[in-house]
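Accompanying notes for the structure given below.
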């Protein structure tokens, strides 16, 4: 049943030598290199195909036979631009709901990794900055000790200069 439907869809014209293809795929999917829009189009086309399968099965049940090529073409023509846009909108909603579900399921793992990564990173940066500060203080003490600077005397001279300038 499915194979005959697909064969009829892809090769609808028995009068011409070249097959007539269903333009709905190009309408919904467009160019295949458009990234996210291609995914939306493929999901929308799948929704169209579900509807077409339902129509095909109902037609067969109601009429006791498969639809003719002309009946399939007539069905395809019932898909107006607004109906096709409706399938694209439905596809966007399905993808958004699926994405939200994936994020919600992954959220605990993501939060754990982020918090663990940030905490250890923050602690590491604090240790590193404390180490660098300690090295700078030791360097200053060594320079003062080697040069023989008298820090209290220097501070007294600085205080006198400040008082004299006022």
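Quick look at the numbers
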item	result
Pairs with Cβ under 9 Å, 6+ apart, first in the range 147-159 and on the phi < 0 side of the Ramachandran plot, second in a helix (DSSP H, G or I)	149/143; 151/144
Failed item in (1) surrounded by 14 or more Cβ atoms within 10 Å (Cβ to Cβ); (2) modelled with pLDDT of 95 or more, with residue 91 passing the rest	(2)
Filter result (touching a residue at least 24 places away in the same chain (Cβ under 8 Å) and crowded, with 16+ Cβ neighbours inside 10 Å) within the range 46-59	47, 48, 52, 56
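The values are calculated or read from the model by the stated rules, or taken from the named source; none is laboratory data. In this text, all values refer to a predicted model and were calculated from it rather than measured experimentally. Here the Cβ is made from the backbone with ideal geometry for all residues, glycine too, and neighbour counts use every protein chain on show.
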